[in-house]
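Undergrad: The following block contains the structure, expressed as structure tokens.
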Amino acid sequence: MTKNYNPADIASIFEYSKGLLGHTLRDFASSDFEARKGKGGLGEMVEEIYFGYDKNSNPDADFSIAGVELKCTPLKKSKKEELLIKERLVCGMIDYIEEAGKDFEHSHFYEKCRLMLLLFYLHIAQANQLDLEFIFSVLWKLPEKDLLIIRNDYEIIHNKIVQGLAHTLSEGDTMYLGACRKGSKGSDVTKQYNSDIPAPTRAFSLKMAYMRTILEYVQKSGKNAISNFDLPKEQETVSINELKQNTFDKIILNRFRPFIGKNEKQLSEELKLDLSNGSKSKFFQIANAIASEGKCSNINLSEEFRKAGMMMKTIRVQANGRIKEAMSFENINYQEIYDNDVWYESRLYEIFTSRFLFVTFKEQTKNAGDYILDKVFFWTMPPDDLRFAEFYWSNIRTNVLNNAIEPVNFWSAKLHQNFHVRPKGRNSDDLADNPNGGKCKKYCYWFNNDYISKIVREN
């Protein structure tokens, strides 16, 4: 195909990409063109067929003159015909030996992904890649603020690599930039730097939550092609200037320090909060006012928390040290469980490898309800617990596949296995779609209260 754009001009490349939207590569390929296999094959074919690059003569093919990296990333459709992010955006395999000698500015990720042309296409299982339709084009320059957070993410990953601890890497270690599992169902291992322990094969990636925010930007715009160069400012938790001085974690934790040890009355007065209705959410209101400095009504909906897929949760500890209540998460998406047979690609894996900000309030006198702000910490599920969580997920999936979606078949809190399943519908008429046909009751992912107690004790 003839190039009708300037490969040295970002705006020209972006404008030309719009001609691919609503089309498949089949519309532009010669009749004898043979589709390449593998996820990387689609990007190569877009470069060759649509943008007119010869991969054999130009191994860099992505728009190196303009400094733009081309990335094709899949969307999927829900039963309600909603477009959803299918997976993380993989930004290059991690060579532990090679990466150990680099800094952020010379990393593969920084050099390749500061400015990307993201082409979103609709994934169809078993389809020929020439027949996949392209939906959106996004020219995405990593914002200065995101780069500051990503730099810290990279340094966390890099420090583990240098220390010979690549085998302990977790996607929950970081905010936007993850080190995701790669290979056959995430089980492949490779040699690492400074250790004889084999480490799981991993790749740098922008997390699912981060990619969801990009999709949201496009959908809110009402256009099928956007650039983020001039996007409106979002509801933020921290500023660029703060991030230049400190890490995100330290900024948030420092906000809590002056309030540790203060009771509900003192906190409500200092934070100017009306907690007279006595609802359970008052502890979240207090934590939210401190963490966000009153900038947003729910910090979990702020720019940084949404892009990181991070959650703030409050915990009440009784005077005797016990935690009475279990912790709920989102309802189980039975269709997602039914369709996906890979633990590392599951929604539950994403939730459990997220970062959490836990804020604990401790009762001072038994049954008096006189709580003080006690502990605040960021937490990531330890690898051993995450491996055990796979059995929890497998139990849920087996029962969904067998159309045995009943409490008696799921893990219960009485088993003391860290996690359990419990109903969370509004009432008996609040039902979910059953992928086996018909409707079924809504059930939810939960942490056991004794597991939460363990988390609090160890942090």
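The values are calculated or read from the model by the stated rules, or taken from the named source; none is laboratory data. Computed from a predicted model, the values in this text were never measured in an experiment. Neighbour counts are summed over all protein chains in view; Cβ atoms, including those assigned to glycine, are modelled from backbone coordinates with ideal geometry. Surface areas here come from the heavy atoms of the whole protein model, side chains and all, with no ligands, DNA or RNA. Shrake-Rupley method; radii C 1.70, N 1.55, O 1.52, S 1.80 Å.
Undergrad: Kindly sort Arg426, Arg212 by accessible area of their heavy atoms, largest first, with the probe set to 1.4 Å.
TA: Putting Arg426, Arg212 in descending order of accessible area: Arg426, Arg212.
Undergrad: If you fit an axis through the alpha-carbon atoms of helix 144-162 and take the longest principal axis of the Cα set of the chain, what angle between them do you get, 0 to 90°, nearest 10?
TA: It works out to around 80 degrees.
Undergrad: Here's another thing I want to ask about it. Using the heavy atoms of the protein chains alone and a 1.4 angstrom probe, what is the accessible area of the chain per residue in square angstrom?
TA: Dividing the accessible area of the chain by its residue count gives 48 Å².
Undergrad: Let me ask something additional. Determine how many Å³ per residue the convex hull of the Cα atoms of the chain encloses.
TA: 176
Undergrad: Right, another one. Taking the full set of protein chains and a 1.4 angstrom probe, give the accessible area of Lys362 in square angstrom, rounded to the nearest 10.
TA: Only protein atoms counted, so the area is about 70 Å².
Undergrad: For the chain, what relative contact order do you get, as a whole percent, if you take Cα pairs closer than 8 Å and at least 6 residues apart?
TA: Reported relative contact order: 11 percent.
Undergrad: May I pose another question? Using a Cα distance threshold of under 30 Å, what count of lysine pairs results for region 356-446 when pairs must be 8 or more residues apart or interchain?
TA: 15
Undergrad: Hey, what do the phi angles of region 440-455 turn into as Karplus ³J(HN,Hα) couplings, whole Hz, using 6.51/-1.76/1.60 and θ = phi - 60°, x for Gly and Pro?
TA: With the stated coefficients, region 440-455 comes to 8, 5, 7, 10, 10, 7, 9, 8, 5, 5, 6, 6, 5, 4, 5, 4 Hz.
Undergrad: Which whole-Hz couplings ³J(HN,Hα) result when phi for each residue of region 365-380 is put into the Karplus expression 6.51 cos²θ - 1.76 cosθ + 1.60, θ = phi - 60°, listed in order with x for Gly and Pro?
TA: 10, 3, 6, 8, x, 8, 8, 10, 5, 10, 9, 9, 7, 8, 9, 10
Undergrad: Specify the inter-centroid distance of region 333-406 and region 158-206, based on alpha-carbon positions, in whole Å.
TA: Computed from Cα coordinates, the inter-centre distance equals 22 Å.
Undergrad: Further question on the same structure: Pull up the DSSP beta bridges for the chain and report the antiparallel fraction as a percent, rounded to 5.
TA: Antiparallel bridges make up about 70 percent of those DSSP assigns within the chain.
Undergrad: Then there's this: Working from Cα positions, state the angle (0 to 90°, nearest 10) between the long axis of helix 208-221 and the longest principal axis of the chain.
TA: Between the helix axis and the principal axis of the chain, the angle is about 70 degrees.
Undergrad: Using heavy-atom solvent-accessible surface (probe 1.4 Å) with all chains present, what is the largest-first order of Val189, Val376?
TA: Largest accessible area first, the residues go Val189, Val376.
Undergrad: Let me ask another. Suppose a student asked you for the relative contact order of region 390-459, using Cα pairs under 8 Å spaced at least 6 residues apart; what percent would you report?
TA: 26
Undergrad: Going toward the positive end of the dipole of the chain, with +1 on Lys and Arg Cβ and -1 on Asp and Glu Cβ, which of Ser12, Ser107, Phe410 do you reach last?
TA: Phe410
Undergrad: Which of Ala179, Ala35, Asn246 sits farthest toward the positive end of the charge dipole of the chain, with +1 on the Cβ of Lys and Arg and -1 on the Cβ of Asp and Glu?
TA: Towards the positive end, the residue furthest out is Asn246.
Undergrad: Can you send over the carbon and sulfur percentage of the accessible area for the chain, probe radius 1.4 Å, protein chains only?
TA: Roughly 47 percent of what the probe reaches on the chain is carbon or sulfur.
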